[in-house]
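Notes follow once the structure below has been shown.
The values are calculated or read from the model by the stated rules, or taken from the named source; none is laboratory data. From a predicted model like this one, the values you see are computed outputs, not experimental measurements. Here the Cβ positions follow ideal geometry from the backbone for every residue, glycine too, while neighbour counts run over all protein chains shown. Quick note on the areas: whole protein, heavy atoms, side chains included, nothing else; ligands and nucleic acids left out. Shrake-Rupley method; radii C 1.70, N 1.55, O 1.52, S 1.80 Å.
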Amino acid sequence: MEARDKMKAQIAQWNEELKDMSSLGVIGFFLEHFGEDIVLSTSLGLEDQVITEMVLRQNKDTQVFTLDTGRLFPETYDLIARTNKYFGIRMLTYFPEPKWVEEMVAKNGINLFYDSVEKRKLCCSIRKVAQLPRAFKGKKAWICGLRKDQSVSRFFNHLVEWDENNNLVKINPLINWTEKQVWDYIKKHNIPYNLLHDRGFPSIGCEPCTRAIEPGEDIRAGRWWWENELHKECGLHKK
């Protein structure tokens, strides 16, 4: 059996063994198992803020990184600063390759993402996804904040998965949490969060691709709102 097949078998075993463990316990288990070879990816969303607290409470030396696309909301940059101060850390920030961004804009325009799904995904790829190899260099696992009820495309994600695109174990500690559970945890532990959440933005990405939602709309309705629901992924979690 190849190493990757063995890892997939191990992942299936972990999913069975850890299915009833608390999210804090799951995180602690993998922090101990992978040690310095695990990394936390945060987009500064509510889920990521919860996980950041759970991770750093158990191991303050765990590496935390975020991706700066160059088109984030001012409130998101403010949250990066507040999060660093609150937890006493300095999260790593990865920026897109300037040459690639310049060539893309020169060819397609500054707001190319409104023109087609293909161009929007190109922008996401260059401004965000292309930075992952640097962020994951030398790592064997990454922790992220996916939840099943965030979108249709995430309903079939699991607690532990094999990330084919990055050849890493992917851990989703909050995969079965509800939005209410996330908010309750944020308030209970007084964790800093993006102030846009108080203005009708449940899901926050780049400024030109995110809007507030109306009462009753799906929580992801404000992301790439001009596109079909099935297309609403940036590529970080592509299967």
Query - Kirkwood estimate for segment 58-165, i.e. one over the average of 1/r between Cα atoms, Å - result: 16.3 Å
Query raised in the report: For segment 34-187, what proportion of DSSP beta bridges, expressed in % and rounded to the nearest 5, is antiparallel?
Result: 25 percent
Query - Dimensions in Å of segment 1-114 - Rg and Dmax from alpha carbons - result: 18.3, 51
Query raised in the report: Spin-label point model (7 Å from Cα, Cβ direction): what's the F95 to A3 distance in nm?
Result: 3.4 nm
Report task. Mind ranking E227, E217 by accessible surface for me, highest first, 1.4 Å probe? Result -> E217, E227
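Please find the FRET efficiency linking E103 to D61, where r is the Cβ-Cβ separation and R0 is fixed at 35 Å, and quote it to the nearest 0.05. Walk me through the numbers on the way to the answer.
Working: r = 38 Å, r/R0 = 1.09.
Once rounded, the FRET efficiency stands at 0.40.
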Query raised in the report: What base-10 log of the normalised intensity I(q)/I(0) is obtained for the chain from the Debye formula, alpha carbons as equal point scatterers, at q = 0.08, 0.13 Å⁻¹?
Result: -0.30, -0.82
Report task. For the pairs K19/K140; K137/K180; K99/K148; K119/K188; K128/K148; K6/K187, note any where the Cα-Cα span goes beyond 30 Å. Result -> K137/K180; K99/K148; K119/K188; K6/K187
Query - Fully extended contour minus Cα-Cα distance, from D68 to D20, at 0.36 nm per residue - result: 13.8 nm
Requested in this report: Compute the longest continuous run of the chain that contains no exposed chymotrypsin sites (Phe, Trp or Tyr not before Pro); treat a site as exposed when its DSSP state is not H, G, I, E or B and it has at most 11 other Cβ atoms within 10 Å.
Outcome: 1-154
Report summary line: So, relative contact order of the chain in percent, Cα under 8 Å, 6 or more apart, is 23 percent
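Do the sum for the chain: with -39,500 (n - 2.57) for every DSSP H run of n ≥ 4, divided by all residues, what is the mean residue ellipticity at 222 nm, to the nearest 500 deg cm²/dmol?
Numbers: 8 runs with 90 residues, N = 239.
Counting only the DSSP helices, I get -11500 deg cm²/dmol.
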**Report entry** Surface accessible to a 1.4 Å probe, M54 within the full protein complex, Å²
**Finding:** 10 Å²
Requested in this report: Enumerate by residue number the trypsin sites (Lys or Arg not before Pro) in segment 1-82 meeting two conditions: DSSP loop (anything except H, G, I, E, B), and at most 12 other Cβ atoms within 10 Å of the site's Cβ.
Outcome: K19, K60
Query raised in the report: Rounded to two decimals, what ratio of Rg to Rh does segment 83-222 give with C-alpha atoms and a Kirkwood Rh?
Result: 0.97
Requested in this report: Please turn the phi angles of segment 217-223 into ³J(HN,Hα) values with the Karplus equation 6.51 cos²θ - 1.76 cosθ + 1.60 (θ = phi - 60°), one per residue in order, whole Hz, x for glycine and proline.
Outcome: 6, 4, 5, 9, 5, x, 9
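Quick check of the Kirkwood formula: for segment 59-115, what is the inverse mean of 1/r over all pairs of different Cα atoms, in Å? Walk me through the numbers before you get to the answer.
Details: mean 1/r = 0.0742 Å⁻¹.
The Cα-based Kirkwood calculation yields 13.5 Å.
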